[in-house]
1. Go ahead and collect, in residue order, the members of segment 15-45 whose backbone nitrogen is under 17 Å from a label point 7 Å along the Cα-Cβ direction of Phe157.
2. Which of the peptides 20-33, 231-244 is most tightly packed, and how do the rest follow, going by the mean number of other Cβ atoms within 10 Å of each residue?
3. Order 160-168, 111-119 from most to least packed using the mean count of other Cβ atoms within 10 Å.
4. Quick check on the exposure proxy: order Leu102, Leu175, Leu148, Leu206 from fewest to most C-beta atoms within 10 angstrom.
5. For Phe28 paired with Asp222, estimate the spin-label separation in nm (one decimal), with each label point 7 Å from Cα along the Cα-to-Cβ line.
6. Got a sec? How would Met15, Met256, Met48 order by Cβ neighbour count within 10 Å, fewest to most?
Amino acid sequence: MTLAQIIGFAINASMFLIVFALGLSATFNDVTYLFRRPGLLVRAILSMNIIMLVIAVLLSLLFNLHPAIKIALVALAVSPVPPVLPGKQEKAGGSASYTIGLLVATALVSIILVPIAIRLLGSSFNINMHEPASTIASVVLLSVIGPLVAGVVIRHFAPDLAKRIERPISRFATLLLIVAVVPVLFIAWHAISALVGNGIVIILVLFTLIGVGIGHFLGGPDPDDRTVLALATGTRHPGVALAIASLNFPEERAVMAVVLYHLVIGAIVSIPYVRWRTSIHALHPEVK
């Protein structure tokens, strides 16, 4: 097994464990939360998968971006909620039920929306692009639905066990993600440094800020829901984005670096927003 394969396995394992830990504190009502509220579901899809896709295309057309950046932006724009969202949501006082419901709903919807969006983009730009629903389904099943349902089942039948192991697993998963991503960032630094002059940092910051703003605006009447959708729209699932990029543009190795740097840059750029929402929630905990 090569170093790249080991790192890829570690990243996927960390995503699996993060969602599994989330499932250990969730219920089936949480899982179906957004499907029972179609108005909020439509707002989420509009924010994450439609408006942000338009933003990604506009950024690609307005700026003379490197192909790797364009590919990464489009791939990120059609990807579902990042598994690391629940940690941010908890700090900012977001609704746990909405977060879990959003994680599940966008993951399932992506199985249908991602192939359609990729084909439409390919036709519009006269590029041979495709993404079978089976590929997206496998990523979604392994990184979101499978571990989440497993965690929920354990919580239902063995609540005491779930309570004991949830925090250690969550901490280990976060540490594993850091250990896996940091070497990639250093290894891919030469690819990233070659793109710095093309405005990669500015574009990724701008993409995140626009996403946070759009998500906050479309989050609905509940302030906590707006917090969750803002963070979900600004940062995306790296596994789905990498699957899209690797299948359609395997020669663009810099795309992986751009996607992972967005994971880091998105987290940093979101800090002021998280702190602001945390302070609001602390001052007005009764506001729901």
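Readers should treat all values here as calculations from the given coordinates under stated rules, not as data from a laboratory. Just so we're clear, the structure is a prediction, and the values are computed from it rather than from any experiment. No Cβ is skipped: glycine too gets one built from the backbone with ideal geometry, and neighbour counts run over all protein chains shown.
1. Taking a point 7 Å out along Cα→Cβ of Phe157, the residues of segment 15-45 whose backbone N falls under 17 Å are 23-28.
2. Listed from highest to lowest mean packing, they are 231-244, 20-33.
3. Values: 160-168: 13.7, 111-119: 18.6.
Ranked from most to least packed, the peptides come out as 111-119, 160-168.
4. Details: Leu102 28, Leu175 11, Leu148 25, Leu206 15.
Fewest-to-most ranking of Leu102, Leu175, Leu148, Leu206: Leu175, Leu206, Leu148, Leu102.
5. With each label placed 7 Å out from Cα toward Cβ, I get 2.0 nm.
6. Values: Met15 25, Met256 21, Met48 29.
Taking fewest neighbouring Cβ atoms as first place, the list is Met256, Met15, Met48.
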